[in-house]
Amino acid sequence: MASTSFALPSLQLQFPSHKSSSSNRAIVRSIKASVSERPPFISSPPVKPTKLPIRKVPGDYGLPLVGPWKDRLDYFYNQGKNEFFKSRIQKYQSTVFRTNMPPGPFISFNSNVVVLLDGKSFPTLFDVSKVEKKDLFTGTYMPSTELTGGYRVLSYLDPSEPNHAKLKKLMFYLLSSRRHEVIPEFHNSYSELFETLENELSTKGKAGLNAANDQAAFNFLARSLYGVNPLDTKLRSDGPKLIGKWVLFQLHPLLILGLPKVLEDLVMHTFRLPPALVKKDYQRLYNFFYDNSTSVLDEVEKIGISREEACHNLLFATCFNSFGGIKIFFPNMLKWIGRAGGKLHNQLAQEIRSVIKSNNGKITMAAMEKMPLMKSVVYESLRIEPPVASQYGRAKRDMIIESHDASFEIKEGELLYGFQPFATKDPKIFDRSEEFVADRFIGEEGEKLLKHVLWSNGAETENPSVSNKQCAGKDFVVLVSRLLLVELFLRYDSFEIEVGASPLGAAITLTSLKRASF
């Protein structure tokens, strides 16, 4: 979850959209992703003189091997992520400083980064005129390409590389060609999810959301993007389990699984797990995508990509980016809404039901554009706990980076790192920044804040193109997140939850689903 977004990485891809009248101030976010006519390289604008004091970047990396190892222990165990960064902000009195980022030796041998933790400096990581994104998707190390069929897939490519534009066009084509299937297939898959949860609640008194959501998410993606129900194939219901194992082999250096500390640090963070252990699992996934993406693969030869490379990229984009995004974000979003309580639930239910009723009972994008509270809740969930917490970029040249308080000289080749939850909870940008404020993005002033919602490896007010690294499926993810809330509150007046921890996001247990009273 690093230099690109977990959600399906983004040509202009058009879903049916609704244009607001001049009297409607709500921002309209149509699903679109167009191939930019700009070349991959954009000339750098002249550096503007800064009025802020120039300060040396504080912090140090410690002794070789020892410094990275110590910082790794602090990050995972002694302090945890949030305290790791907070303590260093306090120590250096700066939101920009030097440290080491995991995993360190013996998986990555250069873990030195300059950390950017405020909403002003953080967007530097999106500016491909200033930073290179090559092989930085997971940060200071790159998983073996044996896990992706021997190819460096789109998420690891810099826009300056020829295959970046070709592969991003492929993702745009996939989304565009299947755009009419998204809303109906989401309804079908998540209706099955809610039925499963209701049955479990009635028999056990509680229901685990995460595993059921994983299955619903994979079914939805397969049905909507590839026109096949995985349950009718050789894959059956094994997709989420196979993906989980495969993703573990890529992300284990960055995860905490709850094993004994010494054992976990040795096994998970010090040495790479051998890709051969998931080769058969990956082959099953590859076969599924190859067999069911014929129409998309027929297009790739026109772009200049082999069918094999294209299929590995389709698999990665669907399973790692899209599935991974839904797996993490849906439980996190329901956690915040669940904690907000019945008042918000009632407001959402009234808004959603009123609009859908006036739209002859049909769920459409145009209808959802008329739900300002529902849209704001999705954006606020993406702000307060973005599904992709970390971004990286390597400085292409010497430059000056500004925080709110100072300017810092960065040298060419230095690795920049940003922990996004700090940037999107910057108190100098957002009032009550640590709180979940459901109506934060409603109205003219609320809309202005959307440029500081950064979950997609870019601002919410910007669009993905072949010349940037913004998530190709940015608007797709926003759409399906809205659809979840619409489907949920058309069925239920409110819900209650218990929240636990998991290696990726929150573990949600539903303890109550109150059926709609109408």
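Write down the accessible area per residue of the chain in Å², having rolled a 1.4 Å probe over the full set of protein chains.
41
One equal scatterer on each Cα of segment 416-518, no solvent, Debye formula: the resulting log10 I(q)/I(0) at q = 0.13, 0.21, 0.22, 0.23 Å⁻¹ is -0.70, -1.33, -1.34, -1.34. When each of the peptides 140-149, 115-124, 337-346 is scored by the mean number of other C-beta atoms lying within 10 Å of its residues, the order from highest to lowest reads 115-124, 140-149, 337-346.
When shorter helices are ignored and each DSSP H run of at least 4 residues is given -39500 (n - 2.57), the per-residue value for the chain at 222 nm works out to -13000 deg cm²/dmol. Along segment 291-303 the Karplus relation, 6.51 cos²θ - 1.76 cosθ + 1.60 evaluated at θ = phi - 60°, assigns HN-Hα couplings of 5, 10, 10, 4, 5, 6, 5, 5, 7, 5, 5, 5, 7 Hz to successive residues, with x for each Gly and Pro. Extending 7 Å from Cα along the Cβ direction at E462 and again at S177 yields two label points whose distance is 2.9 nm. Structure note, pairs K168/K469; K279/K474; K168/K302: Cα-Cα distances above 19 angstrom occur for K279/K474. Sorting 481-488, 234-241, 435-442 by average packing, meaning the other beta carbons within 10 Å per residue, from highest down gives 481-488, 435-442, 234-241. Summarising the amide proton neighbourhood of I497: residues at separation of 5 or more, or on other chains, whose placed amide H is nearer than 5 Å comprise T511.
When the charge dipole of the chain is built from unit charges on Cβ atoms (+1 for Lys and Arg, -1 for Asp and Glu) and taken about the Cα centre, the candidate among M368, L257, P274 whose Cα reaches farthest toward its positive end is M368. In order along segment 155-172, phi translates into HN-Hα couplings of 4, 9, 8, 7, x, 6, 7, x, 5, 4, 5, 4, 6, 5, 4, 4, 5, 4 Hz, rounded to whole numbers, per the Karplus curve 6.51 cos²θ - 1.76 cosθ + 1.60 with θ = phi - 60° and x for Gly and Pro.
Scalar couplings 3J(HN,Hα) for segment 341-350, obtained by applying the Karplus form with A = 6.51, B = -1.76, C = 1.60 to θ = phi - 60°, are x, x, 4, 5, 4, 5, 5, 5, 4, 5 Hz; x denotes Gly and Pro. Between S407 and I54, R55, the built amide H atoms are under 5 Å apart, and every one of these is 5 or more places off in sequence or on another chain. Under 5 Å between amide hydrogens, built in the peptide plane, is the criterion, and for F97 it picks out V115 among residues at least 5 positions away or on other chains. Residue order by solvent-accessible surface for L259, L454 is L259, L454, largest first, with ligands and nucleic acids left out and a 1.4 Å probe.
What number, in nm² with one decimal, is the all-direction average of the projected area of the convex hull of the alpha-carbon atoms of segment 465-509? Show your work: numbers first, answer last.
Numbers: hull surface 18.5 nm².
Spelled out: convex hull of the Cα atoms, projected over all directions, averaged, 4.6 nm².
Expressed as a fraction of 2.2 N^0.38 Å, the value expected for a compact globular protein of N residues, the C-alpha radius of gyration of the chain is 0.94.
Just the ratio, please: alpha-carbon radius of gyration of segment 375-438 over 2.2 N^0.38 Å, N its number of residues. Walk me through the numbers on the way to the answer.
Numbers: Rg = 14.6 Å, N = 64, 2.2 N^0.38 = 10.7 Å.
Cα Rg divided by the expected 2.2 N^0.38 Å: 1.36.
Note on R353 and R55: the extension gain reaches 101.9 nm, defined as 0.36 nm multiplied by sequence separation minus the Cα-Cα distance.
Would you mind estimating how fast segment 257-319 diffuses translationally, via Stokes-Einstein at 37 °C and 0.692 mPa s with the Kirkwood radius over Cα pairs, in µm²/s? Translational diffusion coefficient: 233 µm²/s. Pairs exceeding 21 Å between alpha-carbon atoms, taken from K166/K245; K81/K425; K70/K396; K206/K514; K245/K327; K120/K327: K166/K245; K70/K396; K120/K327.
Built from the Cα atoms of segment 207-279, the convex hull projects on average onto 6.5 nm², one quarter of its surface area. Taking other residues whose beta carbon is less than 13 angstrom from the beta carbon of I356, and scoring Lys, Arg as +1 and Asp, Glu as -1, yields +3.
The values are calculated or read from the model by the stated rules, or taken from the named source; none is laboratory data. What you are looking at is a predicted structure, and each value in this text was computed from that prediction instead of being measured. Because the Cβ atoms are built from the backbone with ideal geometry, glycine has one as well, and the counts that use them run over all protein chains shown. What goes into the accessible areas is simple: the full protein's heavy atoms, side chains included, and nothing from ligands, DNA or RNA. Shrake-Rupley method; radii C 1.70, N 1.55, O 1.52, S 1.80 Å.
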